[in-house]
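Inspection log for the structure reproduced underneath, given as structure tokens.
The values are calculated or read from the model by the stated rules, or taken from the named source; none is laboratory data. Being a predicted model, the structure only gives us computed values, none of them experimental. Don't worry about glycine lacking a Cβ; one is built from the backbone with ideal geometry, like all the others, and counts go over all protein chains shown.
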Amino acid sequence: MKYDVAIIGAGVSGAAIARKLSQYNLKTVLLEKEADVSFGTSKANSGIIHGGFHTSMKYLKSRLEIQGNLMFDALQRELGFPFRRCGVIVAAFREEELKHIQNLYRQGVDNGVIGIEICSRERILDIEPKLNPDVIGGLHAPNGGIIEPYRFVFSLVESARKNGVDLIVNFKVDSAERTGAKWKISSDDGQSIEAEYVINAAGLYADRVSDIFKAENFKIIPRKGEEYLLDRMSPAYPNKVIFPVPHGKTKGTLVIPTVEGTMMVGPTADEIDDKEDLTTSREHLDRIFDFSRRMVPSISERDIITSFAGLRPALASGDFYIEVSEKAENFIQVAGIQSPGLTASPAIGEYVKNLLKKLDCLLVEKKDWDPHIDKVPRMRNLSHFESEKIVEENPQFGNIICRCEKVSEGEIVEAIRRGHTTLDGVKFFTRTGMGRCQGGFCTYKTIKIIMRETGLSYEQVTKRGKNSEILMERL
Amino acid sequence: MKEYLFDCAVIGGGAAGMAAALEVEKAGFKTAIIEREECLGGILLQCIHNGFGLHEFKEELTGPEYAERFADKIDESEVKVFLDSTVMEMDEPADYPGQHELYCYSSVYGVFVIRARTVILAMGCRERNRGNIGIPGTRPSGIMTAGLAQRLVNIDGYVPGKDIVIIGSGDIGLIMARRMTWAGCRVHAVIEIQPYPSGITRNIVQCLEDFEIPLYLSHVVSEIRGKDRIESILVTPNKDGYPDEENSFELKCDTLLLSVGLVPENELSRKAGIDLNPQINGPYVDSHLMTNKDGVFACGNVLHVHDLVDYVSAESRSAGSNAVKFLQSALTGKQYSIKSGANVRYIVPQKFNFSDDNRFYLRSMIVKNEAVVEIKADGRTIKTIKHSHVQPSEMISIKLKRADLEKISDLPDPRLEISII
């Protein structure tokens with residue numbers, strides 16, 4: 001297939017770029033090495049829309065964070081992903097931390113953060129009563145929020161596809177050659193496509209992809225973060241995202257209310273060598289819980305539903321690297337997209353579009369571009385009377401498959417029809433199996449629905465593609 | 001919205017729900033069962049091994065046979081069964097005082113409401129999973145609860161893997177060790193954190209020893225390895241309460257089954273404002289098995305986890321007959337407290353009364369031969385019962401007759417204490 005633009009990597013950056021480009025008369029393809037989109041770094045994201053005060057505007061990442069933050073309300077209206085501006089706070093527990101709070105506040109004001117305020121002890125306990133009463137003050141940024149990161153990526157890709165972008169999953173870029181005015185890109189299993197422009201949004205593997213295209217030489221340093229998900233019945237569920245006062249490179253271990261009502265504690269931050277190392281460890285569990293309990297004492301290990309780890313694709317500079325390559329022709333680098341990449345992603349889409357323009361890519365807006373996608377009813381969010389109408393129209397929505405998260409068969413079928421055909425894909429789209437029983441009751445039902453809807457046989461149904469099959473033999 | 005009116009609504013159509021519903025219907029009250037699956041029977045249906053019914057029917061049945069006996073009776077009765085229907089919310093409507101309202105979702109009946117003066121909670125329990133015990137490592141496929149594997153093998157006919165390790169020597173884990181062996185798999189080990197097995201002795205012998213499956217007591221799985229599919233686990237001995245990392249060893253496997261305990265499933269109850277006892281994760285109930293909400297009863301594994309279905313049936317009949325008395329406004333008898341004494345992990349119910357015979361279920365904290373269960377009130381011994389062997393995994397059922405209680409009828413506010421010595 002011949003394309004104008006190929007985007008490598010369907011994480012949040014690639015997805016946001018794809019959706020932006022779907023506005024123009026371009027033939028665009030999104031290439032993803034995994035079985036579904038958002039299966040890499042974006043899957044294990046903390047799901048925070050940052051407040052724009054953590055770093056100075058001299059960094060590109062900070063400028064894009066501030067711009068990106070402002071774009072989420074409109075995006076939510078168009079795409080319907082779960083998102084709430086709950087606000088974020090930074091809690092100080094020691095006198096010397098108050099100085100940091102002052103600095104963050106000034107930085108926030110300089111960055112143009114609306115509504116940012118320094119809080120007294122009383123004020124911060126008032127807006128976040130779950131905080132340890134030993135808190136002495138802090139910072140509040142009401143513009144920060146929470147989001148379901150994979151649902152955001154899914155909706156961006158769905159919107160892009162609706163407007164003509166092609167998605168190819170299980171396409172691991174293996175080689176590239178420049179023939180005439182085109183790049184010929186081949187996968188490790190012999191597929192190939194051609195494109196005039198290439199955007200490298202390959203996340204953890206952006207350095208490898210850059211090598212394949214003989215572009216700049218840089219190194220992505222995976223920085224691992226472990227997180228723990230707690231039951232929605234946890235008494236510790238806060239109003240706000242709670243940050244500690246940052247020390248060193250990262251924003252620290254946070255207490256996060258998820259937009260769907262569960263909560264998370266984490267992440268850790270450890271630089272590692274292995275880009276596939278998604279292990280969690282007992283030491284980190286203990287450390288995370290000790291630390292987060294100092295901020296919110298009612299956090300309990302008893303409420304753990306599951307744990308996971310993600311890898312931030314960091315560069316040594318600590319900043320994003322979004323530039324037109326000076327070595328490879330018509331090649332744009334979108335690398336080092338660590339935190340606040342999710343917040344910045346809509347702005348990254350704009351930024352990359354402008355870089356394409358610089359490369360003389362002809363950008364003509366489509367007349368029939370449709371920013372909206374169809375919303376799938378979520379039974380757990382509806383009143384009984386709203387549900388009644390939906391079930392009358394389609395009885396599958398009355399069949400509750402996941403009892404913990406109240407997900408119906410109808411929602412699962414919609415996920416599958418949108419291309420999410422692995423167990424994890426269905427889980428991230430619908431929340432099936434994401435609750436306290438972790439799929440103990442719904443896994444077999446979901447597998448059967450996937451088989452029925454896709455025609456896959458039992459051994460072809462996987463957790464997340466490749467060799468992650470669930471059933472091995474028929475009795 | 002469609003509304004149905006009943007005297008009693010039973011949530012769950014497993015062993016507990018069926019026994020309770022039959023009891024209420026027998027007394028002539030209009031009764032409904034709401035069951036989320038497509039047929040009655042609950043988890044019994046996947047328990048195709050035998051050993052059920054020794055108390056209830058004085059014969060050895062398989063799980064489906066046991067369920068069928070009750071399901072047949074339900075068929076013959078006037079109990080209205082709503083299959084494929086999930087109760088999403090339980091409420092006390094302000095405009096119908098003394099009634100309870102259940103919002104149900106179904107692909108067959110649509111969204112509907114059941115109103116009833118009494119509700120019997122019989123939703124059973126769920127399995128604890130990897131997250132609950134926090135096993136470190138990667139997150140590949142091939143890790144599932146033993147109950148899910150049992151369902152896949154026994155009902156759907158799929159084998160999840162060939163080289164199996166089982167964590168936890170609970171009964172489901174032991175039974176699955178045997179079942180997977182019969183399905184042509186290699187079961188390499190059962191790993192148990194405690195120094196003693198958590199399942200009943202019969203299962204240790206019949207499911208492990210007969211098949212020469214090694215049981216590692218005082219061992220934990222300290223790491224899961226493998227990217228897409230699980231490839232191996234790291235097993236670490238527990239020495240004096242600490243991991244003995246030097247003596248860790250690796251076991252290759254493509255499947256890891258977890259049998260690490262059961263939790264009563266009370267999210268619906270909790271949302272409806274029913275007080276839960278953290279010791280058992282089930283509702284606080286009085287001697288009539290009634291929760292803090294008038295007219296709402298609980299029985300079976302939603303109340304506390306049982307190891308014999310026969311006890312579930314007996315307890316549920318009792319809940320049913322108390323619901324009948326409630327409907328007849330005949331549920332009387334002042335409630336008095338019971339306390340767990342020495343070596344008793346919990347007692348259900350935690351109240352007794354003088355007007356009925358009282359049945360208690362308790363669990364020991366210790367493993368002991370020639371143990372004695374002692375029931376006292378304010379220092380006075382009421383009854384002692386000898387047990388040749390007690391262990392935490394075997395629930396103890398004791399009955400205190402009305403006559404036994406006469407010994408303390410002079411006490412103004414007696415408080416029972418049950419101990420194991």
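Points to keep in mind about this one:
- A:Phe429 passes every criterion in (1) in contact (Cβ under 8 Å) with a residue 24 or more places away in the chain; (2) over 24 Å from A:Met233 (Cβ atoms) apart from (2).
- Breaking point among (1) at pLDDT 95 or above; (2) closer than 30 Å to B:Glu3 by Cα; (3) of a type outside the set (Phe, Trp, Tyr), for A:Ala316: (2)
- Filter pass, A:Glu216 being over 30 Å from A:Ser307 (Cβ atoms), over 21 Å from the mean Cα position of the chain (by Cα) and part of a loop (DSSP other than H, G, I, E, B): yes
- Residue among A:Lys327, A:Lys389, A:Lys357, A:Lys375 that is within 30 Å of A:Ile8 (Cα to Cα) and either under 25 Å from the mean Cα position of the chain (by Cα) or not assigned by TED's automatic domain parsing to the domain that holds A:Ile7 (or both): A:Lys375
- Across the stretch B:20-47, the qualifying residues are those that are over 30 Å from A:Ile401 (Cβ atoms) and out of contact with any strand residue (DSSP E or B) (no Cβ under 6 Å at 6 or more places or on another chain), and the one among them that is surrounded by the most Cβ atoms within 10 Å (Cβ to Cβ) is B:Glu23.
- With respect to the stated conditions, B:Ile114 is at pLDDT 95 or above and either surrounded by fewer than 20 Cβ atoms within 10 Å (Cβ to Cβ) or not polar (S, T, N, Q) (or both).
- Of B:Glu250, B:Glu192, B:Glu212, all but one fail to be surrounded by fewer than 24 Cβ atoms within 10 Å (Cβ to Cβ), on the phi < 0 side of the Ramachandran plot and outside the structural domain of B:Ile366 (by TED's automatic domain parsing); the exception is B:Glu250.
- Any chance B:Ile338 is assigned to a strand (DSSP E or B) and away from every other protein chain (no Cβ under 14 Å): yes
- Selection of the stretch B:369-386 for residues being touching a residue at least 24 places away in the same chain (Cβ under 8 Å) and buried (at least 16 other Cβ atoms within 10 Å of the Cβ) yields B:Ala371, B:Val373, B:Glu374, B:Ile375, B:Lys376, B:Ala377, B:Ile382.
- Entry remark, the stretch A:446-460: residues being at the interface with chain B (Cβ under 10 Å from one of its Cβ atoms) and in contact with a strand residue (DSSP E or B) (Cβ under 9 Å, 6 or more places away or on another chain) number 3 in total.
- Among the residues making up the stretch B:253-274, none is surrounded by fewer than 21 Cβ atoms within 10 Å (Cβ to Cβ), in contact with a Gly (Cβ under 7 Å, 6 or more places away or on another chain) and not small (Gly, Ala, Ser).
- Residue count for the stretch A:254-293, restricted to those that are of a type outside the set (A, V, I, L, M, F, W, C), at negative phi and touching a helix residue (DSSP H, G or I) at 6+ places or on another chain (Cβ under 6 Å): 2
- Selected residue [surrounded by fewer than 24 Cβ atoms within 10 Å (Cβ to Cβ), among the hydrophobic types (A, V, I, L, M, F, W, C) and outside the structural domain of B:His55 (by TED's automatic domain parsing)] from B:Val305, B:Val344: B:Val344
- Residues that are within 14 Å of chain B (Cβ to nearest Cβ) and either in contact (Cβ under 8 Å) with a residue 60 or more places away in the chain or surrounded by 19 or more Cβ atoms within 10 Å (Cβ to Cβ) (or both), drawn from the stretch A:236-278: A:Thr262, A:Met263, A:Met264, A:Val265, A:Gly266, A:Thr268, A:Lys275, A:Leu278
- Cross-chain or 6+ apart pairs with Cβ under 8 Å, the stretch B:51-72 first and closer than 17 Å to B:Ile175 by Cα, then at pLDDT below 95 and polar (S, T, N, Q): B:Glu60/B:Asn50; B:Leu61/B:Asn50; B:Thr62/B:Asn50
- Scanning the stretch B:72-111 for residues that are surrounded by fewer than 16 Cβ atoms within 10 Å (Cβ to Cβ) and at positive phi gives a single hit, B:Gly98.
- Top-ranked residue in the stretch B:83-103 [being away from chain A (no Cβ under 12 Å) and among the acidic types (Asp, Glu); ranked as farthest from B:Cys8 (Cα to Cα)]: B:Asp95
- Test: A:Glu469 is more than 10 Å from every other protein chain (Cβ to nearest Cβ) and acidic (Asp, Glu): no
- For the stretch A:428-445, a residue qualifies if it is within 12 Å of chain B (Cβ to nearest Cβ) and under 22 Å from A:Gly80 (Cα atoms), and the qualifying residues are A:Gly433, A:Met434, A:Gly435.
- Top-ranked residue in the stretch A:189-235 [being among the basic types (Lys, Arg) and surrounded by fewer than 20 Cβ atoms within 10 Å (Cβ to Cβ); ranked as farthest from A:Gly47 (Cα to Cα)]: A:Lys214
- The set of residues in the stretch A:206-235 being closer than 18 Å to A:Lys327 by Cβ and in contact (Cβ under 8 Å) with a residue 60 or more places away in the chain consists of A:Ala206, A:Asp207, A:Val209, A:Ser210, A:Phe213, A:Lys214, A:Ala215, A:Glu216, A:Phe218, A:Lys219, A:Ile220.
- Of residues in the stretch A:381-424 being out of contact with any helix residue (DSSP H, G or I) (no Cβ under 7 Å at 6 or more places or on another chain) and in contact (Cβ under 8 Å) with a residue 40 or more places away in the chain, the one surrounded by the fewest Cβ atoms within 10 Å (Cβ to Cβ): A:Gly419
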